Every structure is written in structure tokens, then in C-alpha cells.
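Structure record follows, encoded as C-alpha cells.
The values are calculated or read from the model by the stated rules, or taken from the named source; none is laboratory data. Bear in mind the structure is a predicted one, so any value in this text is a computation, not a measurement. Neighbour counts run over all protein chains shown; Cβ positions are idealised from the backbone, glycine included. Quick note on the areas: whole protein, heavy atoms, side chains included, nothing else; ligands and nucleic acids left out. Shrake-Rupley method; radii C 1.70, N 1.55, O 1.52, S 1.80 Å.
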Amino acid sequence: MKFIDICLLMKRIYLIRHGQSTANVDNRVYFKTFDHRIPLTELGHSQAQAVGVELAKKLEGRKVDVIISPYRRTQQTWREIKKSINSKQISSFEENPNLREQEHKIFTDEMEASLKKAEQEKFGLFWYRFKNAESIADVYQRVGGVINHLRLRSMNQELNEDVVIVAHEITIRCIMMILQ
């Protein structure tokens with residue numbers, strides 16, 4: 001687990017992917033647990049603590065705005081990170097549902113998941129949309145709204161120099177695509 005920092009209108013954005021989750025260790029977790037309820041592993045908690053220490057050093061006492069996905073694993077990641085940051089540094093905190101993980105179809109078994117993943121790869125990862133789910137293009141679109149909101153806040157001088165976003169891999173990749 002590591003974070004990436006990007007500048008946006010002279011702001012620094014720290015993009016932090018949640019720590020290791022139980023589903024990262026065993027994909028079968030998705031067959032019995034709703035995605036938004038998947039927790040971190042012990043290693044995930046440790047990873048988040050380590051990122052918190054590193055982030056605190058980079059912030060050097062400056063104020064920060066924080067936006068996170070409302071999923072359990074991102075909430076747990078942020079709780080571990082903020083243990084290393086002085087609470088007076090946190091100007092604003094927001095759980096934004098537009099930073100959630102890509103919505104996948106709920107699979108019932110490994111065979112169904114394998115067949116659909118193969119179909120996705122054949123069609124194209126960015127554009128393929130599982131039935132009752134999202135494509136990566138859909139994630140890109142909703143994340144674009146978050147970035148536009150940050151740009152507006154920045155132009156109106158309502159945003160600190162540093163912004164922390166705790167989210168998911170696909171979400172973070174889409175943010176990076178938008179900011180390039």
C-alpha cells in the first residue's frame with residue numbers, strides 16, 4: 001500500500017488506496033459479503049498506520065481537507081491514518097459516495113465469475129459493463145464530478161493546500177486519468 005500525490009490548481013492531492021482487505025486475500029469473500037461491508041485484514045490495518053506516519057511527515061503540520069469513500073475498508077484505513085495526524089490539521093472531512101468502488105455484479109460462484117471476467121477482458125476492461133453493474137467508464141464519469149467539485153472549491157479558495165482522498169484502486173486510477 002502506498003499513496004500518490006498529484007497537484008491540482010496548486011493543491012497537493014494525496015491519493016490513498018485502502019489497506020489490504022479480506023477480499024484481497026480471498027476473492028470468495030465477495031460471494032458472501034456485500035462489497036461495502038468488506039473489512040481490512042490485520043495487515044491492512046498495519047499498512048494504513050504506516051501510511052499515516054508517512055503522510056503526517058509530508059503534511060508538516062499543514063491543514064488538510066479529507067474525502068473518503070463510505071466503504072468499511074476505506075473508513076478503517078482513514079481511522080488508522082488519522083491516528084498520526086493532529087486533529088487540528090483536519091479542516092474538513094467528507095464521505096463521498098462517488099468515490100466508492102466500481103460496482104460489480106454480485107456473483108454466486110467462482111465459475112460464473114470466471115466466465116464473466118473472460119467476457120469483460122474480451123470486450124475491453126474500460127468499457128465493459130456487467131449486468132446491473134458499472135463499467136470503469138462509469139466510474140470515470142462519477143469521479144469526474146468529484147474532481148470538478150474540488151476544482152471549484154479551489155478556485156473559490158475554499159480548499160486547503162493539501163487534500164487527502166482515501167478510495168479504491170479503480171477509483172484512484174480514474175482520478176489519475178482525469179488529472180493528467
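Inspection of region 95-117 identifies at least one residue that is free of Cβ contacts under 8 Å to residues at least 40 places away in the same chain, under 15 Å from the mean Cα position of the chain (by Cα) and closer than 17 Å to D35 by Cβ.
Cβ separations smaller than 8 Å between residues 6+ apart or across chains give the following pairs from region 55-71 residues that are open to solvent by 10 Å² or more (accessible area, probe 1.4 Å) to residues that are of a type in the set (V, I, T): A56/I85; K63/I90; Y71/I38.
So how many residues does region 155-178 have that are more than 15 Å from the chain's Cα centre (by Cα) and open to solvent by 10 Å² or more (accessible area, probe 1.4 Å)? Before you say what the answer is, go through the steps one by one.
Here is the first cut: in region 155-178, the residues more than 15 Å from the chain's Cα centre (by Cα) are 155-162.
Filter once more, keeping what is open to solvent by 10 Å² or more (accessible area, probe 1.4 Å): 155-161.
The number of residues fulfilling the criteria is 7.
So, in region 31-47, of the ones that are charged (D, E, K, R) and at pLDDT below 95, which residue ends up nearest to R73 (Cα to Cα)? Outline the logic, then answer.
We begin by selecting, within region 31-47, every residue charged (D, E, K, R); these are 32, 35, 37, 42.
Among the residues that remain, those that are also at pLDDT below 95 are: 32, 35.
Numbers: K32: 16, D35: 9 Å.
Among them, the one singled out is D35.
Evaluate region 88-105: report whether one residue or more is open to solvent by 20 Å² or more (accessible area, probe 1.4 Å), part of a strand (DSSP E or B) and either β-branched (V, I, T) or at pLDDT below 95 (or both). Looking through region 88-105, at least one residue is open to solvent by 20 Å² or more (accessible area, probe 1.4 Å), part of a strand (DSSP E or B) and either β-branched (V, I, T) or at pLDDT below 95 (or both). Every condition in (1) surrounded by fewer than 17 Cβ atoms within 10 Å (Cβ to Cβ); (2) without any contact (Cβ under 8 Å) to a residue 40 or more places away in the chain; (3) under 24 Å from L40 (Cα atoms) holds for E121 except the one numbered (3).
Close Cβ contacts (under 8 Å, 6 or more residues apart or on different chains) running from residues in region 1-28 that are farther than 22 Å from K82 by Cα and at pLDDT 95 or above to residues that are assigned to a strand (DSSP E or B) and open to solvent by 30 Å² or more (accessible area, probe 1.4 Å) are absent. The residue that is farthest from Q157 (Cα to Cα), among those in region 52-79 that are in contact with a Ser or Thr (Cβ under 8 Å, 6 or more places away or on another chain), among the hydrophobic types (A, V, I, L, M, F, W, C) and in a helix (DSSP H, G or I), is V53. Taking the conditions (1) open to solvent by 50 Å² or more (accessible area, probe 1.4 Å); (2) in a helix (DSSP H, G or I); (3) touching a Lys or Arg at 6+ places or on another chain (Cβ under 8 Å); (4) modelled with pLDDT of 95 or more in turn, K116 satisfies each one other than (4).
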